[in-house]
Amino acid sequence: MLARPVAEDHQIPLIHEVHADDQHLLNTIDGEWFEILHAFPWADYRHHASAYYDALYEFNIREGQRSAGDCGTAPETKEEAKQRLLFARATMRSPQEQESLPPILYQGNVVELKAPKVDPMELAPGVVPLRLVGRKPKCFFSLLKSFMGTTLMGFSAEPEQVHLLLKSNPSFARVCGFAPKEKDKPDQYSSHQVPSLRKLEQFDQVMRAAGIWDQIKVTEVKRNLQAGVIETEKELVGDTTHYHAHSGFETLTYEDEKGHIKKKSQSKATKGCRCEDWSSCPHAWELSDEGAGTIVKSKTKMIWGHKASVIGLPKQGVPIDAVAIADAATHDGQTFFPHVEKVFEHYPPLGASVERVLYDSACDDAELKARFDEELGVELKASFNPRRSKAITKDLPRGIEKITPYGVPICLAGHELDYKGIRYDSEKFIYEAPRHDDGSSVCVSCSKRAECCKRSTQSGRTITVSFDTLGHIDPHDPPMAKRFKAIMTRRPSVERMIKRLKCDLGDDRLSKRGNESFQAYLDKTMIAYHLLIRHLH
Ligand SMILES: [Zn+2]
């Protein structure tokens, strides 16, 4: 990434003091993070600030009341708990019980929307509401900037990393609004000092529990749509991606509804309480890493991780949303529909503009296509899944050796025939022998002519193959067609979006457990991404 050089006559908005090396950093290559933080439009985040201070107020009250002991149900053994937790997972559903099932996408906490007690318009950097008594808390705007700056520098937006950078990079700490400890009073607390790791963790925790990371993400995407930084498109593209879990797993055996013994990997059972004897205390067992599961990449490669669904705009290559999948072991074909539905709900302009959605072969399913059409009014276009690995070798036209599972005939001389079209009345696909660069058919000089063309036409061989021979190919949407291929060339753009989020703005190894943290991690990355594209626009 190259920073745009700052033109000499271009005055950077000066908000607070000007430091000589701020100007230097503004001119440095790769200084996007600094430019973005330096000109951070804090006033746009006032409403989130007031929501945060309200949540912090309630968090402090809860902290004071903790260990009052919320007694759970009758004690359950660890083994019973493991089975209960196993059967509560989204991937343990049987198709018969579709109704009362846990949702596919992680839902987050349902956050009650209340009128803020803190007036957003009275907030500004360094101005903290009076409602929070005791030590003056750290400024929301500074904390937010420190998390975003960390991501924009390419590190994980997690408290440990933020803390490390604030401590080691004084320019970063200062542009966020923090000051180093005063030398003559090293033990004295000041709200302007670089926060401790514990305070950064608390900020992150309050933000995710109150759903504020998610709210900021949605606001950023909407702002970029309204400002024309991103434009609506007629297509959306989706895919899933995995992040390595920060947990171990154990393999459980269970009995399925038919009485068969099956195995499934699950994170270990644990308790959130601090009781000494977990076997007898009344608190409920829970998963140590809720949402983690086995992700099958191939027959030999399996990953213990969390799974996210990513949806974006293919032409601009911009991710619109990233959501944690409730159980990482969920098949990709199940995640796309609920996610597109969610994106349309959150972003009505996209609901109005999108006519087609693209996915890989995991979604090549007639029922799913019908569901997209009927319920969302969009066409689902998926890479072709031939559902067979062997070529077709029976009932073939003369001179043709085989037809690949993807519907490409290969002749005795080894040429792939070009797909030309369809004759619906006789229910046949039409193919033609390929041509040399000069336009002449490869058949003209072919040594296999005696077994194939026979006649000495200059136009070369044309064949027809009946729909029945290629029974696994939908004649209304053949994957050999130019149009199909042209549409599907836009699908891989989602892979570049995923690389952006996963590698350029973070790390694919998680350092926290549970879906709440995972979703917050995705949200923070998305916020930073949308700040960056607005800055570069
Ligand atoms: Zn307990």
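Summary of values
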| quantity | calculated |
| --- | --- |
| Percent of beta bridges antiparallel (DSSP, the chain, rounded to nearest 5) | 85 |
| Mean Cβ count within 10 Å, highest first, over the residues of peptides 444-451, 323-330 | 323-330, 444-451 |
| Accessible surface, the chain, averaged per residue in Å² (probe 1.4 Å) | 52 |
| Pairwise centroid distance, computed over Cα atoms, of region 285-327 with region 420-471, Å | 45 |
| Translational diffusion coefficient (Stokes-Einstein; Kirkwood radius from C-alpha pairs) of the chain at 10 °C, 1.306 mPa s, in µm²/s | 58 |
| Convex hull projection area averaged over all views, region 385-530, Cα basis, nm² | 13.9 |
| DSSP-defined beta bridges in region 277-405 - what % are antiparallel, rounded to 5 | 75 |
| Positive-end extreme of charge dipole, the chain - chosen from 358, 323, 522 (charges on Cβ) | 358 |
| Most positive-pole-ward Cα, 421, 43, 532, against dipole of the chain from beta carbon charges | 421 |
| Under 13 Å from residue 234, Cα to Cα: aspartates and glutamates that are on another chain or at least 8 residues apart | 355, 379 |
| Chymotrypsin sites (Phe, Trp or Tyr not before Pro) within region 399-449: DSSP coil, no more than 10 neighbouring Cβ in 10 Å | 424 |
| Estimated 222 nm signal from helices in the chain, with DSSP H stretches of n ≥ 4 weighted -39500 (n - 2.57), rounded to 500 | -9000 deg cm²/dmol |
| Centre separation in Å (Cα based) which lies between region 475-509 and region 123-152 | 39 |
| Where labels lie 7 Å past Cα in the beta-carbon direction, separation of residue 387 and residue 413 in nm | 3.7 |
| Violating pairs (Cα-Cα greater than 25 angstrom) within the set 402/485; 82/307; 264/502; 82/512; 199/342; 301/369 | 264/502; 199/342; 301/369 |
| Cα-based Rg / Dmax (Å) for region 232-278 | 19.2, 58 |
| Trypsin sites (Lys or Arg not before Pro) restricted to DSSP loop in region 384-447 with at most 15 other C-beta within 10 Å | 387, 388, 390, 394, 398 |
| Euclidean distance of C-alpha centroids, region 344-375 and region 381-408, integer Å | 28 |
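The values are calculated or read from the model by the stated rules, or taken from the named source; none is laboratory data. Keep in mind it's a predicted model, so treat the numbers as computed, not measured. Positions of Cβ are backbone-derived with ideal geometry, glycine not excepted, and every protein chain shown enters the neighbour counts. Each accessible area value is taken on the protein alone, full model and side chains, heavy atoms only, with ligands, DNA and RNA left out. Shrake-Rupley method; radii C 1.70, N 1.55, O 1.52, S 1.80 Å.
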